[in-house]
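Q: Please read through the structure below; I'll follow up with questions.
The values are calculated or read from the model by the stated rules, or taken from the named source; none is laboratory data. Since the structure is predicted, the reported quantities are computational estimates derived from the model, not experimental observations. Quick reminder, even Gly has a Cβ in these numbers, built from the backbone with ideal geometry, and neighbours come from all protein chains shown. Side chains are part of the model used for accessible areas, which takes the heavy atoms of the whole protein and leaves out ligands, DNA and RNA. Shrake-Rupley method; radii C 1.70, N 1.55, O 1.52, S 1.80 Å.
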Amino acid sequence: GGGTWSACDYTCSQTRINSVLMNDGKCHEEKALEFTRPCHVQACGRADPCRVPFVVHAIIKMRGVVASRWNKQAEELFSDAFAAAVNWKRKSSELLFEPGDVNVLSSSPWRASDETMFGETAVEGGDEELGMQFVVEASIFNFNAAVPQYEEHKGASRAATCRESDLRPLAETALQVHKELSRANFIVSLVEAMKKDLNQQIGQGNHVSAFTSIFEAGSNLVQLSKVVTSWTIKTDIKGTPFKGKGRSFDGIFPFLLLIILAGAIAVYDSFRKRRVPLKEKTREPRTKSSKSSTRRHVTRRNRSADLNANDDDLE
């Protein structure tokens with residue numbers, strides 16, 4: 001039967017070897033049926049920001065998918081179909097990402113009680129299993145990244161380098177992914193892609209039964225399935241040799257933070273100095289007023305004393 005894809009290694013590739021049932025009653029790996037494809041997840045994923053500067057996440061809920069039948073084959077079927085649905089009707093040279101760039105981060109039962117999490121009206125029977133919900137990640141790969149030579153003896157490669165000008169078109173690619181996910185018929189495209197791949201899986205002896213209900217029930221369960229939301233994450237380039245116009249930006253972020261902090265202190269200090277004279281000016285008239293009132297009071301008292309003295313002289 002058909003095997004599953006290996007983990008994505010530092011060379012950004014993964015391998016799948018199919019097995020064949022031999023006369024001894026055992027399955028043996030057939031080298032002639034070995035396949036290799038590019039991938040940009042796991043060891044060749046967002047940990048290297050110049051290779052994968054953006055990742056797009058999406059939450060998808062699918063009615064009728066049976067969680068108890070979920071397995072590795074079902075996950076790969078879903079991942080391949082997800083890539084095919086996003087790249088629907090695109091030429092091979094226009095793909096936004098490839099199947100090896102998709103990673104299912106989470107797969108869990110979709111229960112009626114989960115609806116309240118997104119502000120929707122809860123369906124009766126909170127424990128009823130409606131299907132499955134998935135958190136999917138798609139890597140936006142930078143083909144212009146300068147990848148250092150793979151060091152075989154260390155089993156790893158150094159971080160790639162890239163230019164600031166690489167980011168703008170890749171950000172546009174991420175935006176295009178969101179537009180595809182917001183298509184009204186995206187789930188229809190996803191299910192159709194799974195059906196197409198499933199025929200190949202069955203031909204190889206891999207019948208993925210987790211999706212049987214949504215396939216057989218027609219469009220009813222498909223219409224009840226949905227893309228809940230999607231968002232883009234820009235991978236952290238701190239500590240990465242990120243080149244812009246031929247200059248290295250490694251370690252520039254602490255420097256920028258220091259400049260911002262110094263600027264904030266300078267603005268605060270200037271604002272404080274401007275407020276102090278205002279306070280003094282505000283207090284000054286009050287001081288003068290109190291002095292003048294005191295003087296007026298003393299003057300009046302002196303005048304009354306003088307008048308009394310004059311009266312005594314007259315007597």
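Q: Is it fair to say Leu181 is in contact with a Gly (Cβ under 6 Å, 6 or more places away or on another chain) and modelled with pLDDT of 90 or more?
A: Working: in contact with a Gly (Cβ under 6 Å, 6 or more places away or on another chain): no; modelled with pLDDT of 90 or more: yes.
No: the conditions fail for Leu181.
Q: Of everything in the range 76-97 that's more than 21 Å from the chain's Cα centre (by Cα) and charged (D, E, K, R), which residue is most open to solvent (accessible area, probe 1.4 Å)?
A: Applying the filter and picking the extreme gives Lys89.
Results for (1) closer than 30 Å to Arg163 by Cβ; (2) modelled with pLDDT of 90 or more, shown as yes or no for each residue.
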residue: Asp9; (1), (2): yes, no
residue: Arg16; (1), (2): no, no
residue: Asn23; (1), (2): no, no
residue: Glu29; (1), (2): no, no
residue: Gln42; (1), (2): yes, no
residue: Arg69; (1), (2): no, yes
residue: Val86; (1), (2): yes, yes
residue: Lys89; (1), (2): no, yes
residue: Ser92; (1), (2): yes, yes
